[in-house]
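Asker: The structure that follows is given in the form of structure tokens.
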Amino acid sequence: MNHRSYPVLYRLNGQTPVTCTLAEWGAFISGHRQHHIVAEKIVHDRFIRTFFHGVDFNFFNCIPELFKTVTYAKDGSTIECNLCSTWEEAEDLHRATVEIAESRQHRDYPNYPQSDDLPFDE
């Protein structure tokens, strides 16, 4: 099996990921926040953020998953995290995650904390 033992770093050129050095990745991530956030939305008591993280941890030469959609509880803990490969997929994943949260269908998932299970007052 062909694999590598190190992550590959990417930055965005527009909405297209391109490989880069550690210095380029660090400068991009720290200096271009507005360019690597795909979308953000507060839904009920959840904060949903989709962003480009630019680190390919996939050591088996598969398609890199460089975008992440994270659903956070009000206390900042992660409720759910999903990965994808392109800006367009990230937009679709964000939209689907928001739709689920808005419809409250997440109550069908037993590991998804409910509002009354979260450690804060509304």
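The values are calculated or read from the model by the stated rules, or taken from the named source; none is laboratory data. Nothing here was measured: the structure is a model prediction, and the numbers come from that model. Glycine gets a Cβ as well: all are built from the backbone with ideal geometry, and neighbour counts include every protein chain shown.
Asker: Go through the residues of segment 114-121 one by one and say whether even a single one is surrounded by fewer than 16 Cβ atoms within 10 Å (Cβ to Cβ), aromatic (Phe, Trp, Tyr) and either in a loop (DSSP other than H, G, I, E, B) or modelled with pLDDT under 65 (or both).
Answerer: So far as segment 114-121 goes, yes, one or more of its residues are surrounded by fewer than 16 Cβ atoms within 10 Å (Cβ to Cβ), aromatic (Phe, Trp, Tyr) and either in a loop (DSSP other than H, G, I, E, B) or modelled with pLDDT under 65 (or both).
Asker: May I ask you to list the residues in segment 58-84 that are in contact with a strand residue (DSSP E or B) (Cβ under 9 Å, 6 or more places away or on another chain), more than 14 Å from Pro17 (Cβ to Cβ) and of a type in the set (Phe, Trp, Tyr)?
Answerer: Tyr72
Asker: Only one of these is hydrophobic (A, V, I, L, M, F, W, C) and surrounded by fewer than 18 Cβ atoms within 10 Å (Cβ to Cβ): Cys84, Cys62. Name it.
Answerer: That would be Cys62, the only listed residue that is hydrophobic (A, V, I, L, M, F, W, C) and surrounded by fewer than 18 Cβ atoms within 10 Å (Cβ to Cβ).
Asker: Do we have Thr71 as at negative phi and surrounded by 12 or more Cβ atoms within 10 Å (Cβ to Cβ) here?
Answerer: yes
Asker: Of all residues in segment 14-44, which are within 21 Å of Gly76 (Cα to Cα), loosely packed, with under 15 Cβ neighbours inside 10 Å and touching a residue at least 12 places away in the same chain (Cβ under 8 Å)?
Answerer: Those that are within 21 Å of Gly76 (Cα to Cα), loosely packed, with under 15 Cβ neighbours inside 10 Å and touching a residue at least 12 places away in the same chain (Cβ under 8 Å): Ile37, His44.
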